[in-house]
Amino acid sequence: MTGTDSAHAASAHAAFAYASDALPQTTVDAVVIGGGAAGLNGALMLARSRRSVVVIDGGTPRNAPAEAMHGFIALDGTPPAELLRQGREQVRHYGGRVVFGEVAAAAPAAPAAGGDLRFTVALADGRTVTARRVLVATGLRDELPDVPGLAEHWGRGVVHCPYCHGWEVRDEPVGVLATGPASLHHALLFRQLTDDLTYFTRGTELDGDTRARFAARGVRVVDVPVRDVVTGEDGGIAGVRLADGRFVARRVLAVATRMQARTEGLEGLELPMEDLPDDMGRRFSAGPAGATEVPGVWVAGNATDLTAQVGAAAAAGALAGAHINAALATADTDAAFADFAAARVDTAA
């Protein structure tokens, strides 16, 4: 999220820096870049398969501002920090390591003598680790519209997902700040949650048919530009101030953000990326189970599925982890067979 990542990073590192594991000096089976639900679940699958795995966690989870996560059966209402704490603990229980740090560079390295793949991951503090396979689970960054006063309420009074936050904002006066075509459907989803919904067009196109459909659902439309977000005495949102000076009271603002996969430090992997329609965002391209066009590299979670909630991201990480283990099992067998065949030749000679 624009303008807030550094604050979240400082908070996360202050809370968890003491728990960082040592970075292995030997080549590991897999490096997982990203310590969210996708990365930790991928690491869990690998560690339970007796693979040596290291999670590199930058400490800036997308949902850090939220009080709780929702829509994940059995874990609905769990604070995001608690989910990650338990995830790290479980990965470590099976022998995995979680290292807090920022990835400065990641790139293929010279393969092993038998041809097995190798990758080098360097951290911002100069430490490096070599791995046979890589799982990218860096998540995404939400880009908010440039409206003064909006970013400070992100994750509380400013929400983006009706499934993540909808029940908690039900029956509140909600305003949808339009950002593009996706906001039209966004408004209909939030209309399911409240009878008091105002749609601020913010210069986006709204044709007559859509206006009529909004009117049929009791959605008010405001075409005057939004000047800023007004904070109330309780610290929450009081409403928005329009360009003509009028004040429109709202307790919640819904925004369809532009979602950008986090790519910092990954340029050396040369992973293909793609833009989503209607300028919704940009993600890493991935095939089944998160496999990429770069041999030995998988991607999972919000870095490739921008709309995935926590449960879906975790499931994608688990699937990618299982496929990485399968690829490693094949590579191990190939190497063992090559040695076996060479030994038979030597014996026969």
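The values are calculated or read from the model by the stated rules, or taken from the named source; none is laboratory data. The model shown is predicted, which means the values in this text are computed figures rather than measured ones. Note: ideal-geometry Cβ built from the backbone for every residue, glycine included; neighbour counts use all protein chains shown. What goes into the accessible areas is simple: the full protein's heavy atoms, side chains included, and nothing from ligands, DNA or RNA. Shrake-Rupley method; radii C 1.70, N 1.55, O 1.52, S 1.80 Å.
Compute the signed sum of charges (Lys and Arg +1, Asp and Glu -1) over the other residues within less than 15 Å, Cβ to Cβ, of LEU328.
Values: positive: ARG48, ARG50, ARG51, ARG118, ARG132, ARG133; negative: ASP29, ASP116, ASP332, ASP334.
For residues surrounding LEU328, the net value is +2.
May I ask you to evaluate 6.51 cos²θ - 1.76 cosθ + 1.60, the Karplus curve with θ = phi - 60°, for each residue of segment 254-261 and list the ³J(HN,Hα) values in order in whole Hz, giving x for glycine and proline?
Per-residue couplings from phi come out as 9, 9, 7, 6, 8, 9, 10, 4 Hz.
Nearest 500 deg cm²/dmol is fine: what mean residue ellipticity at 222 nm does the chain get from its DSSP H runs of n ≥ 4 alone, each adding -39,500 (n - 2.57), divided by its residue count?
Value at 222 nm, helices only, nearest 500: -9500 deg cm²/dmol.
Contact order normalised by length for segment 218-349, with contacts defined as Cα pairs under 8 Å and 6 or more residues apart; what percent is it? Mind showing how you got there, number by number?
On the way: 145 pairs, mean separation 16.3, N = 132.
Contact order relative to length: 12 percent.
Which helices pass in the chain if a helix is a full DSSP H run, must span at least 24 angstrom along its long axis by Cα, and must have mean Kyte-Doolittle hydropathy not below 0.5?
What comes out of the filter, once short or polar helices are dropped, is 310-348.
Sort the following peptides by mean Cβ neighbour count (other Cβ atoms within 10 Å, averaged over residues), highest first: 135-141, 53-59, 249-255, 149-155. Can you show the working numbers first?
Values: 135-141: 28.1, 53-59: 26.3, 249-255: 22.1, 149-155: 19.1.
Top of the packing list down: 135-141, 53-59, 249-255, 149-155.
Determine ³J(HN,Hα), in whole Hz, for all residues of segment 232-239 in sequence, where each value follows from phi through the Karplus function 6.51 cos²θ - 1.76 cosθ + 1.60 and θ = phi - 60°; x replaces Gly and Pro.
Coupling constants for segment 232-239: x, 5, 7, x, x, 6, 9, x Hz.
For segment 115-229, what is the accessible area per residue in Å², given a 1.4 Å probe and the full set of protein chains?
On the way: 5150 Å² over 115 residues.
On a per-residue basis, 45 Å².
When the gyration tensor of segment 106-187 is built from Cα positions, what are the square roots of 5 times its three eigenvalues, in whole Å, from largest to smallest?
Values: eigenvalues 387, 45, 30 Å².
For segment 106-187, the ellipsoid semi-axes come out as 44, 15, 12 Å.
So if the hydrodynamic radius of segment 217-349 is defined as the Kirkwood radius over C-alpha pairs, what does Stokes-Einstein give as its diffusion coefficient at 10 °C and 1.306 mPa s, in µm² per second? Display every interim value, and only then the final one.
Numbers: Rh = 19.8 Å.
Translational diffusion coefficient: 80 µm²/s.
For the chain, give me the percentage of DSSP beta bridges that are antiparallel, rounded to the nearest 5 percent.
Working: 26 of 58 bridges.
Beta bridges within the chain, antiparallel portion: roughly 45 percent.
What percentage of the solvent-accessible surface of segment 265-325, computed with a 1.4 Å probe over protein heavy atoms, is contributed by carbon and sulfur atoms?
Numbers: 1340 of 2550 Å².
Result for segment 265-325: 53 percent of the exposed heavy-atom area is carbon or sulfur.
Sorted by accessible area (1.4 Å probe), largest first, how do ASP21, ASP142 line up? All intermediate terms of the calculation are to be shown ahead of the outcome.
Working: ASP21 40, ASP142 5 Å².
Result of the area sort, largest leading: ASP21, ASP142.
Taking a quarter of the surface of the convex hull around the Cα atoms of segment 277-332, what do you get in nm²? It would help to have the intermediate numbers written out before the result.
Numbers: hull surface 16.1 nm².
Taking the Cα atoms of segment 277-332, their convex hull projects to 4.0 nm² on average.
Taking N as the number of residues in the chain, what is its Cα Rg relative to 2.2 N^0.38 Å? Spell out each step's value before the answer.
On the way: Rg = 23.4 Å, N = 349, 2.2 N^0.38 = 20.4 Å.
Normalised Cα radius of gyration, the chain: 1.15.
Residues with amide H under 5 Å of THR231's amide H, sequence separation 5 or more or different chain, H placed in the peptide plane at 1.01 Å from N; which?
ALA238
Please list the non-local residues whose amide H lies under 5 Å from the amide H of ARG282, H modeled 1.01 Å from N, same-chain partners needing a gap of 5 or more.
Those lying under 5 Å, H to H, from ARG282 are MET259, GLN260, ALA261, LEU276.
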